1. In the stretch 6-31, which residues are over 18 Å from P177 (Cβ atoms) and either in contact (Cβ under 8 Å) with a residue 12 or more places away in the chain or among the aromatic types (F, W, Y) (or both)?
2. Output yes when any residue across the stretch 102-110 is of a type outside the set (V, I, T) and in contact with a helix residue (DSSP H, G or I) (Cβ under 6 Å, 6 or more places away or on another chain), and no when none is.
3. Consider the stretch 120-136. How many of its residues are touching a Gly at 6+ places or on another chain (Cβ under 7 Å) and either of a type in the set (A, V, I, L, M) or surrounded by fewer than 24 Cβ atoms within 10 Å (Cβ to Cβ) (or both)?
4. Take the conditions in contact with a Pro (Cβ under 8 Å, 6 or more places away or on another chain), of a type in the set (V, I, T) and surrounded by 15 or more Cβ atoms within 10 Å (Cβ to Cβ) and apply them to I6. Does it pass?
5. Residue pairs, Cβ under 8 Å, 6 or more apart or interchain, first in the stretch 188-208 and part of a helix (DSSP H, G or I), second at pLDDT below 95 and among the aromatic types (F, W, Y). List them.
6. Of all residues in the stretch 32-83, which are touching a residue at least 60 places away in the same chain (Cβ under 8 Å) and closer than 18 Å to L120 by Cβ?
7. When you go through K111, K195, K106, K161 one by one, which is the residue that is surrounded by fewer than 18 Cβ atoms within 10 Å (Cβ to Cβ) and under 18 Å from the mean Cα position of the chain (by Cα)?
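The values are calculated or read from the model by the stated rules, or taken from the named source; none is laboratory data. Please read all numbers here as calculations on a predicted model, not as lab measurements. So basically every Cβ, Gly included, is an ideal-geometry build from the backbone, and we count neighbours across all protein chains shown.
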Amino acid sequence: MNTQNIHWYGQAAFRIEDGQKQIYIDPWKLPDGKLPKADVIFITHAHFDHLSQDDINQIKKEGTILVAPKDVAAELKGTVKTIAPNQSLEVGGIKVAAVSAYNLKKNFHPKANNWVGYILTLSSGETIYHAGDTDFIPEMKSLKVDVAMLPCGGTYTMNAKEAAEAANMFKPKIAIPMHYGDVVGGDRDAETFRKEFHGETVIKKRER
């Protein structure tokens, strides 16, 4: 499976190309310059390294659709769709389902906040799961996705071994570690994930 249509900008920030469509998730610290404008922007939750108005403004254009949990949606301007765990939408021709994202034994991401990860179904039928900031939660066990982007930096999310344990449970075809190398975690966490996950790991080079 080819992941060249997936671009990583560090932390949880990704751009996904789906044909002519440009999809961004949690844009933060995007490189200055001529990035493609967004057709759809997905925000997982309200923390500064996921909800960045400056980065949103850099890639927003007339007609850009933003999708976010309720508390984040209230902070956004333009065409905004609100989503909650276990809800599904179709936006800009892209099917999306929201999955819970929360901590189990720490309070950085309470379940009650209704923050989310996303499963996107591209026009090819390929499914991509962006977990948001989360621990290895029971909701992951029933996932069926082609590509999984999983946080592995620890402290605020799963660590690398926990993320690999989650991936070994629901068995994506490809896993992409994320949420390391900035606020917490480093390249060693991505390599630990690769070693512990029994499937194919793609470690993305951060684009700047």
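1. Listed by number, the residues that qualify are E17, D18, G19, K21, Q22, I23, Y24, P27, L30, P31.
2. Yes, the conditions are met somewhere in the stretch 102-110.
3. Residues in the stretch 120-136 being touching a Gly at 6+ places or on another chain (Cβ under 7 Å) and either of a type in the set (A, V, I, L, M) or surrounded by fewer than 24 Cβ atoms within 10 Å (Cβ to Cβ) (or both): 2 in total.
4. It is false that I6 is in contact with a Pro (Cβ under 8 Å, 6 or more places away or on another chain), of a type in the set (V, I, T) and surrounded by 15 or more Cβ atoms within 10 Å (Cβ to Cβ).
5. Going by the 8 Å Cβ cut-off, the qualifying pairs are D189/Y180; A190/Y180.
6. Listed by number, the residues that qualify are F42, T44, H45, H50.
7. Of K111, K195, K106, K161, the one residue that is surrounded by fewer than 18 Cβ atoms within 10 Å (Cβ to Cβ) and under 18 Å from the mean Cα position of the chain (by Cα) is K111.
To keep it simple, each residue is scored yes or no on (1) within 29 Å of E162 (Cα to Cα); (2) touching a Phe, Trp or Tyr at 6+ places or on another chain (Cβ under 9 Å).
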| site | (1), (2) |
| --- | --- |
| V40 | no, yes |
| T44 | yes, yes |
| H47 | yes, yes |
| S52 | yes, yes |
| Q58 | no, no |
| L66 | no, yes |
